[in-house]
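Notes follow once the structure below has been shown.
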Amino acid sequence: MSTFTGLSDQPPDVILVLVLHLASDPDRRLRDVINLAFASKSLLSSVTGLDVFWTNWSRTVFGRPRETETVLPLWSGWSYFSGRMRRRFHLCRAMHALLFRHPAPTYLMSGHDIPTLLAAEAGHGVELPECLWDLWRVYDGHSNKSSRGIFQGAHMLRLQEALERLSSHRPGPCMGGPPGTDMEPGPLMPFTTGPPYYPCGFYTADPQGRVWLTSSKVSWYVADTLTEMVRLAMTGELAEKRGIVLAASTPVTG
């Protein structure tokens, strides 16, 4: 029987006080809040309906609500928080699997804390795409560029490298997106070096989290999410995408 049995009929104010008490314990934090939410349908509705609480937790975990300013009119604070946590979990799991399967030793530096990421954004006047924020929270790129890059030869950039290259990176027009893809994706943030035989390019992410392989000539759509790109690297399909870009970028002679 759940520890929280009997609380389903309590008014919202009582539930809020209990949630704040549970979340204040540094050793338990959200674990008991989630257990409370799933104790019954009534409690699930009460706990997930605490928009301000979940928005504040988005600040705690992700640095700030980020997209919640525009999302909250359509999504609840809980929907954003749980969805973001789910996307981050899938990205981290895919990265762990990629590193485990990588045939050569990898030298990825440890990621950054939230104040460092916020300071980097403020210092360069940019807002990192959600997926890259989550990636650089865990890893800070290759420390040894002599090792084979994890993205089928492409090396993950360290945060400072990526920000420095952003100022001089002028990607070409976007091509190759699926039907309905916005071909004006906004600023493209580089996060890897170019793959082998395409050293002038970068893998980049747009504000929506889609991945593009870019150079000064063309920006070619690769994947709808960074997690999908990581999975393409595991299956070898990322090389097929690279081949399409190389063929499209090579001038025809004769």
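Numbers for the structure displayed
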| item | result |
| --- | --- |
| Residue under evaluation GLY180, criteria (1) surrounded by fewer than 17 Cβ atoms within 10 Å (Cβ to Cβ); (2) at pLDDT 90 or above, criterion not met | (2) |
| Subset tally (residues that are over 13 Å from LEU163 (Cα atoms) and buried (at least 20 other Cβ atoms within 10 Å of the Cβ)) for region 113-136 | 4 |
| Scope region 83-101; condition out of contact with any Ser or Thr (no Cβ under 8 Å at 6 or more places or on another chain) and surrounded by fewer than 20 Cβ atoms within 10 Å (Cβ to Cβ); matching residues | GLY83, MET85, ARG86, PHE89, CYS92, ARG93, HIS96, ALA97, LEU98, PHE100, ARG101 |
| Candidate set from region 207-254 (those that are farther than 22 Å from LEU91 by Cβ and hydrophobic (A, V, I, L, M, F, W, C)); member that is modelled with the lowest pLDDT | VAL252 |
| Residue check for ASP140: among the charged types (D, E, K, R) and in contact with a Cys (Cβ under 9 Å, 6 or more places away or on another chain) | no |
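The values are calculated or read from the model by the stated rules, or taken from the named source; none is laboratory data. Because the structure is predicted, anything quoted here is derived from the model rather than measured. All Cβ positions, glycine included, derive from the backbone under ideal geometry; neighbour counts span all protein chains shown.
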